Amino acid sequence: MPSAAASHLADPVTRHMRADFARLALDQTVGEAITAARALPPEGRIIYFYVLDAAGRLAGVVPTRRLLLSPDATPIRDVMVTRVVTIPAAATVLDTCEFFLLHKLLAFPVVDDERRMLGIVDVDLYTEELADVDRREDLDDLFQLIGVHFEDSHARSPVAAFKSRFPWLLANIAGGIMAAFLSGLFQAELEKAVALALFVPVVLALAESVAIQSVSIALQRLHGRPPSLGGILRAVRHESLTGMLLGAASAATVALVALAWLGQRAVAAALLGGITGGVVCAAAIGVAMPNLLRLFAREPQVAAGPVALAATDMVTLVIYFSLARQLLG
């Protein structure tokens, strides 16, 4: 049965936001904004000033220091920060605590789907969660979101740390064993061109690097936004195109080096296709894995990385050696 603290973390953030915040108009000057703020000050403390357009949509944020030190005649739009980290209205308290962990800001605006500002949540919400009666359980939930168990980070002995962390290494071990097995299936190609084996580390390293990048991007985009199948497909398509550009550029570099070094066109061609194909698949796997885990109500932060890497290794080797078989056969 979930504790009261855990249930509280599942609350919508809109239940805990403050609707009374320091707001400015987009068409004001600094002097006009300060005068208006003095005439109608918000009840709560002021951390940031939020700039809204005529429709109530968030246009930017002005740090208090910047507002006070700017000349009175300066337009607000010239001193505001337009790239604002916002919390969607659909987010939970747990999602919001993750924002405080990752971005280290003192407050966040809460906006609806049309970017209309509904209110703010400040760091008090986060500190209240840490001071809850069930603090240890809450911290475990929070640290899960960044891939670290609270108990693990304070393990009492090396044996305890081993027991908690080794299972995740099993995914990497399984991936490595499968990679070795796949290499054995293509032993004939390796015997024909030993140079293929020389480039296996760089082929896998490039694919794994892109997979981890894509996993990180997907986890960032999941904040407070439950995935949909259509959204996953769009993300996979976008990341695959990015992977194609990254893969083609990396593959061309490695293939040219191999051609200049060994003079074997078949090996260079296998590298060109293998790296490009592997990186494209790695990007798709990396962005899809966290989304699919979250879609099926599984926690993606801890499991996504090892699973994505193991899958990337196997797919990349199959592409690389299959191309080599065609080119050398």
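Scanning region 246-254 turns up one or more residues that are modelled with pLDDT of 90 or more, within 30 Å of GLU98 (Cβ to Cβ) and either of a type outside the set (Gly, Ala, Ser) or part of a helix (DSSP H, G or I) (or both). Can we say ALA235 is within 18 Å of GLN326 (Cα to Cα), aliphatic (A, V, I, L, M), in contact (Cβ under 8 Å) with a residue 12 or more places away in the chain and surrounded by 14 or more Cβ atoms within 10 Å (Cβ to Cβ)? Here the answer is no, as ALA235 does not meet what is asked. Of the listed requirements (1) under 29 Å from GLY184 (Cβ atoms); (2) out of contact with any Cys (no Cβ under 7 Å at 6 or more places or on another chain), VAL315 misses just one: (2). Of the helices (runs of 4 or more DSSP H) entirely within region 1-99, those holding at least 1 residues that are surrounded by fewer than 18 Cβ atoms within 10 Å (Cβ to Cβ), at pLDDT 85 or above and of a type in the set (D, E, K, R) occupy 30-39, 64-69, 76-79. Checking each residue of region 241-264 against the condition of being crowded, with 20+ Cβ neighbours inside 10 Å and within 18 Å of the chain's Cα centre (by Cα) gives at least one match.
The values are calculated or read from the model by the stated rules, or taken from the named source; none is laboratory data. Note that the structure is a prediction, hence the values are computed from the model and not measured. Neighbour counts run over all protein chains shown; Cβ positions are idealised from the backbone, glycine included.
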